[in-house]
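This report refers to the structure that appears directly beneath it.
The values are calculated or read from the model by the stated rules, or taken from the named source; none is laboratory data. Since we're looking at a predicted model, the values are computed, not measured. So basically every Cβ, Gly included, is an ideal-geometry build from the backbone, and we count neighbours across all protein chains shown.
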Amino acid sequence: MDCIKCKAKTCRTAVACKAGKFDENQVLTEYTRTENQEIVQAAAKLVDNGRAGTLSRLQEIVEFANEMNYGKIGLAYCYGMENEAMLITNILRNKNLKVVPVSCTAGGLSQKEVNAKSQIENVSCNPISQALQLNHEKVDLTLSMGLCLGHDILFNRYIQSDVTTLVVKDRVHNHSPLKELKTK
Ligand code: SF4
């Protein structure tokens, strides 16, 4: 499947194309599951009836968390963004959400302990401890905030809660990867 090259775009008119090799009946069955319906319906409330474009990502997270009755929100943040993480935590707490902020340095492991090819004694990002701590805290939803590429992959392997990305790290483009397109 190459949706970019496709000229027909029949899927945009709610008609499946022959390139799709998944079982449509299985997909429909998955959508009937209660846990998936909860997510779909809460997400729809953020954008349906003309609301699309009216809420920032953070405002969407607050509404989504309330709609889902989440008890605890995890904030898995990069230690380099600690000031911003503190501000985000305060905003969410002021909206009566319980927040568990956990730094990527949780556990205090050195780089040589984490990376078998490193001799560096300095503290390392430690996405596995970060995820295990949030699992221990039994958070309902985790916000991923500025985790390094690769560390975010490991974090997602170990975290047990649902995860949504609040900030994607891009050191060159002020954490906005689409800015790369303006340089082409
Ligand atoms: S019609 Fe098929 S190939 Fe074309 S954009 Fe839609 S899913 Fe992709």
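Within the stretch 14-38, the set of residues being under 30 Å from M68 (Cα atoms), within 16 Å of the ligand (Cβ to nearest atom) and either of a type in the set (D, E, K, R) or more than 27 Å from the chain's Cα centre (by Cα) (or both) comprises A14, D23, E24.
With respect to V99, is the statement that it is within 21 Å of the chain's Cα centre (by Cα) and either at pLDDT 95 or above or away from the ligand (no atom under 16 Å from the Cβ) (or both) true? Yes, satisfied. Selection of first residues in the stretch 1-24 that are of a type in the set (A, V, I, L, M, F, W, C) and of second residues that are near the ligand (Cβ under 6 Å from one of its atoms) and not in a loop (DSSP other than H, G, I, E, B), restricted to Cβ pairs under 7 Å at least 6 apart or on distinct chains, gives the following pairs, ordered by first then second residue: C17/T10; C17/C11.
Restricting attention to the stretch 107-153, the residues that are touching a strand residue (DSSP E or B) at 6+ places or on another chain (Cβ under 9 Å), among the aliphatic types (A, V, I, L, M) and farther than 27 Å from F64 by Cα total 3. Would you say V172 is in a loop (DSSP other than H, G, I, E, B) and either under 24 Å from A65 (Cβ atoms) or in contact with a Lys or Arg (Cβ under 7 Å, 6 or more places away or on another chain) (or both)? No; evaluated as a whole, the condition is false for this residue. Just to be sure I understand, how many residues within the stretch 1-13 are near the ligand (Cβ under 7 Å from one of its atoms) and aliphatic (A, V, I, L, M)? Qualifying residue count for the region: 2.
If you go through the stretch 88-101 and keep only what is surrounded by 12 or more Cβ atoms within 10 Å (Cβ to Cβ) and not β-branched (V, I, T), you end up with L92, R93, K95, L97, K98, P101.
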